[in-house]
1. If only one of 22, 104, 96 is over 18 Å from residue 5 (Cβ atoms), modelled with pLDDT of 95 or more and out of contact with any Phe, Trp or Tyr (no Cβ under 6 Å at 6 or more places or on another chain), which one is it?
2. Look through 49, 93, 103, 55 and report the one residue that is surrounded by 15 or more Cβ atoms within 10 Å (Cβ to Cβ), within 16 Å of residue 12 (Cβ to Cβ), under 10 Å from the mean Cα position of the chain (by Cα) and not basic (Lys, Arg).
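The values are calculated or read from the model by the stated rules, or taken from the named source; none is laboratory data. Source: prediction; values computed, not measured. Neighbour counts run over all protein chains shown; Cβ positions are idealised from the backbone, glycine included.
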Amino acid sequence: MTDQKAVVAGPDLDGLGDALEAEGVGVSWVEGIANRPALEDAGISEADVFVLTDVEQATSIPVVVDLVGRIRIVVYSRDSLPEFAKGQADLLVDPALLDARTVAEELAADG
């Protein structure tokens, strides 16, 4: 069991949030657009990991860094992350290459 917490933003079509929960990670989801109020409502200040599944919401990454400081940022998407956000992401994973269970196992083990 882990005491890690993750916040997931964007549609979780590949089930990474569920896979994280199966690994014992506490998961909350951002409702709607991942702006500052929505991130705060989702508990980003207590999170260890921020998972973004919708690269169209890439502006949420610098907002998370501003709110939390050091946090693990994982982008789990088939689409490319815009250049401005790449430097702040710790892990970029294409779900077609690595399934949600494997990613969740690695994130939980690294916590």
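1. None of the other options fit; the residue is 96.
2. That would be 49, the only listed residue that is surrounded by 15 or more Cβ atoms within 10 Å (Cβ to Cβ), within 16 Å of residue 12 (Cβ to Cβ), under 10 Å from the mean Cα position of the chain (by Cα) and not basic (Lys, Arg).
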